[in-house]
1. Report the dimensions of segment 1-143 along its three principal axes from the alpha-carbon atoms, largest first, rounded to Å.
2. Per residue of segment 243-257, in order, report the coupling 6.51 cos²θ - 1.76 cosθ + 1.60 (Karplus, θ = phi - 60°) as ³J(HN,Hα) in whole Hz, putting x for Gly and Pro.
3. If you build the Cα gyration tensor of segment 162-297 and take the root of 5 times each eigenvalue, what three semi-axes come out, in whole angstrom, biggest first?
4. Separation between the residue 270 and residue 230 pseudo-spin-labels, each 7 Å from Cα along Cα→Cβ, expressed in nm?
5. Tell me the label-point distance for the pair residue 58, residue 118, using the 7 Å Cα-to-Cβ offset, in nm and rounded to one decimal.
6. Taking amide hydrogens as modeled 1.01 Å from N in the peptide plane, which residues meet the under 5 Å criterion relative to residue 45, leaving out close sequence neighbours?
7. Quick one: in the chain, what % of C-alpha pairs are over 36 Å apart?
8. Using θ = phi - 60° and the Karplus form 6.51 cos²θ - 1.76 cosθ + 1.60, what ³J(HN,Hα) does each residue of segment 267-276 get, whole Hz, x for Gly and Pro?
Amino acid sequence: DIIKVFCPATIANISCGFDILGLALNEVGDEMTVKKVAEPGIRITSIIGQDLPLEATKNVAGVAGLALLQDVDCDFGFDIAIDKRIKAGSGIGSSAASAAGAVWAINELLGRPLSVDQLVPYAMAGEKLASGVPHADNVAPVLFGGFTLVRSYDPLDVIRIHTPKELYATIIHPQIEVKTADSRRILKTKISLGDGVKQWGNVGGLIAGLYTEDYDLIGRSLVDHIVEPIRSMLIPGFEAIKKASMEVGALGCGISGSGPSVFAFSKGLETANSVKQAMEAVYDPLELPYETHVSGV
Ligand code: HSE
């Protein structure tokens, strides 16, 4: 009656797919231990690594879990301990990892009354607490693994997308905090038809590239005419990171989720490691601490 789950970090948006595309990282994530206990409800018993609220109604894992418990038949409760390795506000889905991890683990301990598809809205309830908006592009890949597409929010329709075998992600996380709610507020709410045409061309190209494992097509499609020009202003050295990554062979580069993390895709681990070095060379002279990760997807 105890389960330990890996809650992967995620890259949402993936340049052209604001609020609809996301992917889970294989090697970066939190660990969560969930235990079935007699006392009904949810308690967050410990959080290692981050200073986050323990009160269940103020914690994304607690809120997601409580939302799930409202809809299932359950006369016991759950204690949740989180080893939080993904920093809050990093742009690689810290809140999504906790929200989706909690509902996934609780559903397992309940004997899987719900399908993974059915878990998405509960995880979104937790995500809403953190970002103000219940977007699903981070929680869906945590629950399903690999790439996911939110084809529609109303009704919710999440599609799993094929993951090319040799695709790796490199991520640099400048140690500044960008709150998702803030970086959503600065976005325009209207786009031009011309920008729409460019954007959905790239979304279609990216999906086609993922299925056919056409790495050049994936790279050509990692373009964002709508959100990136605005949000990149919040990220020191963004253009320099992009340029340096592309010079050493990255397929493409963009903002991870709402930032400040920046991601690049590469074909093969070797190139992904060169991209890491290139990103670090941009940041080393700046007096700004950072973290880098290389991961399979
Ligand atoms: N799609 C969301 C956004 C992801 O860009 O605001 C947040 O991580």
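Since every read-out is calculated from the coordinates, none of them should be taken as a lab result. Fair warning: this is a prediction, and the values are worked out from it, not measured in the lab. So basically every Cβ, Gly included, is an ideal-geometry build from the backbone, and we count neighbours across all protein chains shown.
1. Extents along the principal axes: 46, 30, 27 Å.
2. For segment 243-257, the Karplus curve yields 4, 5, 5, 5, 5, 9, x, 4, 6, x, 8, x, 7, 8, x Hz.
3. 22, 22, 11
4. 4.2 nm
5. Each label point is offset 7 Å from its Cα along the Cβ direction, giving 3.3 nm.
6. Counting only residues 5 or more places away or on other chains, the set is 80, 81.
7. Summing the P(r) of the chain above 36 Å gives 14 percent of all pairs.
8. Once rounded to whole Hz, the list reads 8, x, 5, 4, 5, 4, 6, 5, 5, 4.
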